[in-house]
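Structure, as structure tokens:
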Amino acid sequence: MGKKEENNCVHCGADCGSNPVVWNELNFCCTGCKTVYQLLNENKLYNYYKLEETPGIKVETITEFGNKYAFLDNDEVKEKLISFSEGSISKVKFYVPVIHCASCIWLLEHLHKLHKGIRHSFVNFTRKEVDITFDEKEISLRQVVELLASIHYIPDLSQSLSDKKDDKSYKKLLYKIGVAGFVFINVMTYSLPAYFNGEPLSDKLQSLFSILSYILVIPVAFYSGSDYYISAIKNLIKKNISIDLPIALGIIVLFLVTSYEVIFTGGPGYSDSLSGLIFFLLVGKWYQSKTYEALSFDRNYKSYFPIAVTKINKQIEESILIEKIEVDDELIIRNKELVPADAELVDGEGRIDYSFVTGESTPIVKKPGDFIYAGGRQMGGIIRIKVKKEVNQSHLTKLWNQDKSYEKPSDSLKTLSDRISQYFTLIVIAIAIFGFTFWALRGEYHTAIFVFTAVLIVACPCALALSIPFTFGNTMRIFGKRGLYIKNTDVIEKLSHINSIVFDKTGTLTQPNQNKVVYSGTELSASEKEAVFSLTRQSTHPLSTALSQSFNGSAYHNPEHFVEVAGRGIFGKVNDLNLRIGSEEYVTNTPTTTKKKTSVVYVAIEDELKGHFTISNHYRSGFKNVLSSLKQGFNLFLISGDNNAEAENLSSFFDREHMLFNQKPGDKAAFIKSQQDKGNTVLMTGDGLNDAGALMQSDVALTIADKVYHFSPASDAVLEAEQFNQLANFIRFTKTSLKIVKLSFIISFCYNIVGIAFALSGNLSPVVAAILMPISSVSVVAFATFATRLAGRIKLRKILA
């Protein structure tokens, strides 16, 4: 371990200042560096210092941005920007004004490929925002911003901090449009004699106009068109080919040829075409942003999602919608229920699962007085919380939309779109080079240059890439208004391919809260009834809910402990009584011996079987019509953890071999896997809580919910119970949406083929190409949007009736 420069820290290389920390005649900048050095020295890990000159060097001293973003290391600034931080996982939202096309969305949603510290990212296109979840052990907030800046997506931190978005986001773009427009008008004025075949100008006057036009076009090329160059270069450095690359190439070629002609040959060059090209490109960019904003589906439409919670009002529990929640309200959160607002834990032990927020499923233990973020899910007994911040419902629904912890494989259409977009730019550049070569070999250099530039400008994959989000996005919006809430656009296509539907029975086909409960067995004492009531009240399973409601009025006692075993039952301790409640096999540790005609829940107290509760089934309104409709075109299956008492009643809707009873959660998932192995695309419907394994295994997971706050992150969609009778209509409408997307693809392909063909023929100027490019994207998006809305009015009008 040799010495470094005399006053530099041996460990990190920083300047030790006037008062270095000294150990063994070696200088250190701080006690931390000294301690690390001592540990390495004591353990003979000398090779550590051979890895590089100053292996302990701080990351911020070696970034390309210097100390520009050093203020982001300040805790106060970080607190304002970071919306969630638990352990090493943090979430942040940035306002990025330069987001303008599908290429931007693709790149920003693949940041994890650029740095492993980024867990996932999500773009709100219309609001120009990007939500990023990152691991602070691997990348700091400052480094996240530097990563964005390195690919030319520099966040507007002042807007992000204030959370106020206004028209200032367009200010720079409007300045650039103004400069380009001013130059374009003047250059065109100088070129009018040539355009209208007037009297030829004298050579000196023509040279003067050419030089003036060239001087004017320089700021247009270097200022107004700068975003295209910077974006293209920075993406190439990151080994990404962006849609801005061909545009940048076209502008550069026109400018270089113009420079050569004006400076060396005294010719007019292409100043008029260049200024017009950039002006119309920028106007198109502005027009696209405004039009997409007007046409786009409302990304926050799920704010109408009727999430409800249990509020304590003067010691009385009442169920209210979350928009009614106010600061300082006290709420009850049961096992697997969602925390709807930032809150403080008042009573009980919190075991908070933040997978909904971060993708990390390990529960975090919280004690009274601890802070809990909205979106956490309680994974234990009842807790009481006190609301500390106003509820942001769109935040909760957006978390569900962004949830990655149960992400299914990418769908075929989106994969196809990404693949086409990825190679599109390279193919367009190749075609442009071919066109240039063809015309240049014929000696028509003027046409060759125009062909090269026009091909690069007119071809655009944006219309192709945006067909899917706008068509499926509007389908999501239409469904949301009618009671079906879809997690994201991927689910729409998957639904359109469904050929098999698997139903759970309890809580899905049956109607919770309308059950008749009868007890048989040894009579329970008052304290035992209170214990059963207190334990079942912790669970949100339909049978537990039915039991707790049958004991309504009994005194409640906090369980000393509580555990729920999915699909089998619950156990815990209340008032020094150990209870086990659930299926016969679970409670008695013996196989089911007798056939039951209804749902039966057994109770054992202190390992002594006390008896069982018989719970009658009430089927949902309209379920017969739903099953009859779905039987035409779909394979229907029933899979239940309950007994086969209802097999006879359901045999007219399900084939005998398609009904499975007494199934454990693992059995349900295995059955769905067996259907998928046969080539079937499976929709699983469950209660969202006890069927998580089966829901995750299915191609599309649908929760039918009476209390919508019970929805699970494993669900791809949530259907309001009142809309259950419209399930078949919803599924069939997704096929209509898929046809609209394919038609949009055809229109986009035809436009690009025709546009490129005209450009190659030499009959399309770069200026006209610049006008057509945004119009093509907007027209395809408008078609997708309005066609979906029209189809929704026609095909789903029965739902509105």
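The values are calculated or read from the model by the stated rules, or taken from the named source; none is laboratory data. Since this is a predicted model, take the numbers as computed values, not measurements. Ideal geometry is used to build each Cβ from the backbone, glycine not excepted, and the neighbour counts take in all protein chains shown.
Observations on the structure shown:
- Count of the stretch 241-265 residues which are crowded, with 20+ Cβ neighbours inside 10 Å and not hydrophobic (A, V, I, L, M, F, W, C): 5
- Among (1) within 28 Å of ALA728 (Cα to Cα); (2) in a helix (DSSP H, G or I); (3) among the charged types (D, E, K, R) - the single one GLU585 does not satisfy: (1)
To keep it simple, each residue is scored yes or no on (1) crowded, with 21+ Cβ neighbours inside 10 Å; (2) charged (D, E, K, R); (3) assigned to a strand (DSSP E or B); (4) outside the structural domain of PHE654 (by TED's automatic domain parsing).
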| position | (1), (2), (3), (4) |
| --- | --- |
| VAL603 | yes, no, yes, yes |
| LYS624 | no, yes, no, no |
| SER628 | no, no, no, no |
| GLY633 | no, no, no, no |
| LEU638 | yes, no, yes, no |
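- Looking across the stretch 661-681, just one residue is modelled with pLDDT of 85 or more and in contact with a Lys or Arg (Cβ under 9 Å, 6 or more places away or on another chain), and that is THR681.
- In the condition set (1) among the aliphatic types (A, V, I, L, M); (2) in a loop (DSSP other than H, G, I, E, B); (3) at pLDDT below 80, VAL309 is compliant with all but (2).
- The stretch 783-794, residues that are out of contact with any helix residue (DSSP H, G or I) (no Cβ under 6 Å at 6 or more places or on another chain) and among the aliphatic types (A, V, I, L, M): LEU790, ILE794
- Taking each residue of the stretch 369-382 that is of a type in the set (Ser, Thr, Tyr) and looking for partners that are surrounded by 21 or more Cβ atoms within 10 Å (Cβ to Cβ) and assigned to a loop (DSSP other than H, G, I, E, B) with beta-carbon atoms closer than 9 Å, six or more apart or interchain, yields TYR373/VAL339; TYR373/ASP342; TYR373/TYR354.
- Scanning the stretch 110-152 for residues that are basic (Lys, Arg), in contact (Cβ under 8 Å) with a residue 24 or more places away in the chain and surrounded by fewer than 18 Cβ atoms within 10 Å (Cβ to Cβ) returns ARG127, LYS137.
- Failed item, numbered, when PHE653 is tested on (1) part of a loop (DSSP other than H, G, I, E, B); (2) buried (at least 20 other Cβ atoms within 10 Å of the Cβ): (2)
- Condition check for LEU524: of a type in the set (A, V, I, L, M, F, W, C), in a helix (DSSP H, G or I) and in contact (Cβ under 8 Å) with a residue 60 or more places away in the chain: no
- Filter pass, ILE243 being at pLDDT below 85 and under 29 Å from VAL179 (Cα atoms): yes
- Members of the stretch 748-763 found to be crowded, with 23+ Cβ neighbours inside 10 Å and modelled with pLDDT under 85, listed by number: SER748
- Checking VAL257, VAL217, VAL253 one by one, the residue that is of a type in the set (A, V, I, L, M), outside the structural domain of LEU111 (by TED's automatic domain parsing), at pLDDT 85 or above and in contact with an Asp or Glu (Cβ under 9 Å, 6 or more places away or on another chain) is VAL217 and no other.
- Residues (farther than 30 Å from TYR519 by Cα and without any contact (Cβ under 8 Å) to a residue 24 or more places away in the chain) located in the stretch 606-632: LYS631, GLN632
- When restricted to residues that are touching a residue at least 12 places away in the same chain (Cβ under 8 Å) and loosely packed, with under 15 Cβ neighbours inside 10 Å, the stretch 553-562 contains 4.
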